Each structure stands twice: as structure tokens, then as C-alpha cells.
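Here the structure comes first, spelled out in C-alpha cells, and everything after it is commentary.
Laboratory data are not the source of any read-out in this text; all were calculated from the coordinates shown. If you're wondering where the values come from, they're calculated on a predicted model, not measured in any experiment. Using ideal geometry, Cβ is built from the backbone for each residue, glycine included, and neighbour counts are taken over all protein chains shown.
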Amino acid sequence: MQINYTILYHAIPAFLVLIILEVIDSIKEHRFKNYKNNVLSNICLGTGAFGISFIVRGLALTIYSWVYQFRLFTIPASVWWTWVICFFADDFAYYWFHRCSHEIRFFWASHAVHHSAENYTFSAALRLPWTSNITGTFLFWVWMPLLGFEPAMIITMKSVSTVYQFWLHTEKIKKLPTWFEAFFNTPSHHRIHHSSEVEFLDKNHGGNLIIWDKMFGTFQPETRKTTYGLNKNLSSTNPLTIAFHEWNNIIEDFKKAKQRSDYINYVFNAPGWSNDGSSKTAKQLQHEFHIKLP
């Protein structure tokens, strides 16, 4: 099976059309001046991420192909049911990649870029990290070629998932039919994922599907309008600052380390972990939040 890299790239014009239509709508509603600089930053970050991905994807393909030599089964790509299984397998891998990107700071340092958007718009979907693939996030899918999925199938399905997730970044679409909301990831579910409010942190990690969150206890329905961004939002719209701000924060936290284990925890513990209590993890904040509830 040949690898089709064009799915994602053919979708880019549609992405840009939707962003332009959204900008026109925001101008009519006199909202565009509030986030026009963010739109430009998002596009710059997305352009950089696609460029880096074009370079790095060869590494992922090489590793997937090497692992495929030791596959446990040979799963044919020529039958329809294989693609159905591959769809679920890819989304399962994405869930755990996404969840770990929130629970392990080494991965969060890249993923925080996407969550730094304070305006929930289509352009925010392009606010992508530049260091994600470099940190080896593609290894969350390495079990699939070992199981027997062809590397080309995996890369194709990952592209389809990326295209699907673009339309989730909007406030214009409220609730979809109940059956769809119950099974698939939707703008409603994803808005909660992007919330900066303590009670909603680290929820709804699914890519195409929301079933994994329901199975593993990370699902949170949208009950009200929320705010977006980070616990401590950035004051800069400079793409370089946005792309590397959390890596810089890790370096700054190293200055507070008192023993070797502190360095390890600042990199691999949950985001917000600190040896002096100066910052707290999402679980610690949520524990305090629930204690304060009447």
C-alpha cells in the first residue's frame, strides 16, 4: 500500500476558507479586533508545524516500518473491516497520547502551545506545537505496526483524524444530535477540553470519538459557557514565545530544584508539580476545588 500524504494537505484550503468566513463574521459582529493578532500567530504556528511535520514524518515512517517487520499478524489493507478496526485503534492511541500530553510535563511542554489560545476559533486549531514529533509522540502508535497494521494505513488514519478535529474548534456549533454527542467528539465536548477552569481541566481527550473518555473516567459534558486558555495565560502573540514558553518554564523551574529527583519530577511529573508548593497540578487544584464546594 502506498502512503497518501495528500489528505491533510488537500484539506488546508478548506481550513483557510472556514477561517476567512469566521473572520468576516467576527468583523460584522465587531469582535475581530479582540483577537486579530492571535489569528496571525495561529497561522504562523500552523505553518511552522506543517513544515516540521513534513521533515520529521520520515522518522516515524522508518520506525513504523522497522517494527512492522516483527508484526504478530498480517492485517490486510484491502478489506473494508480492516479500516474500521484501524479507525478505532488509531483513536485509542490518540486518546492515550492526548491524555499523557496533559499528565506528563515533557509532553505538555509541546501540547501547551495548542491550549494557550484564549479565543476558541477555527484558527486556534492551527495553533500547533513545533516540538511534538521531535519528542517522540508518534511512538504512541508504535503498537499498531507491531500488531500488523501497515505503516501507510496508520499515517493515513492519523491524517483523517487531524482533518476531523479541525471543525471541533468553534463556538458557532452548539449541541449536535444526542446519538452523535454520545459517540463522537464534538465542538461541545472539545470546548470543555480547552477550558482553563479548574473543574474542567484534563477532560475529554478523545480525537474522533468520545467513548474512551467515558470508559476511562475523563468525560465531562458541557454544562455552561467556559473560558479558554492556560491557568496562567501568555501576554505575547509572538509565535516563537508561544512555541517554546513551556520549555522555558521548565528551565526556570530547574532553578528551584534541591535534589536530583526534583529535576526528574519537573520534567516527567504532572504539569504544575513543584517541590516547594509554589504551583499545583490539575488534580491538586481539583481536589481543593471540590473541598470548597458547599
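With the largest listed first and rounded to whole Å, the semi-axes of the equivalent ellipsoid of region 1-86 from the Cα gyration tensor are 39, 17, 10. On the basis of the beta-carbon distance and an R0 of 25 Å, residue 37 and residue 248 show a calculated FRET efficiency of 0.75.
The distance from the alpha carbon centre of region 66-98 to that of region 106-123 is 28 Å, rounded to a whole number. Taking N as the residue count of region 72-144, its C-alpha radius of gyration divided by 2.2 N^0.38 Å amounts to 1.35. Working from label points 7 Å from Cα in the Cα-to-Cβ sense, the residue 181 to residue 21 distance is 2.3 nm. Fully extending the segment from residue 174 to residue 70, taken as 0.36 nm per residue of separation minus the present Cα-Cα distance, adds 32.8 nm. When each of the peptides 238-251, 202-215 is scored by how many other beta carbons lie within 10 Å of its residues on average, the order from highest to lowest is 202-215, 238-251. For the chain, the mean residue ellipticity at 222 nm estimated from helices alone is -18500 deg cm²/dmol, where every DSSP H run of n ≥ 4 contributes -39500 (n - 2.57) and the total is divided by all residues, rounded to the nearest 500. On the basis of the beta-carbon distance and an R0 of 22 Å, residue 257 and residue 279 show a calculated FRET efficiency of 0.95.
Only aspartates and glutamates eight or more places from residue 255 in sequence, or on another chain, were considered; those with a Cα closer than 18 Å are 246, 276. The fewest-to-most ranking of 115, 10 by surrounding Cβ atoms within 10 Å reads 10, 115.
Expressed per residue, the C-alpha convex hull volume of region 186-294 stands at 149 Å³. If you look at the Cα atoms of region 6-216, you get an Rg and a Dmax of 17.6, 58 Å. With the simple spin-label model, which puts each label point 7 Å out from Cα in the Cβ direction, the residue 81 to residue 230 separation comes to 4.8 nm.
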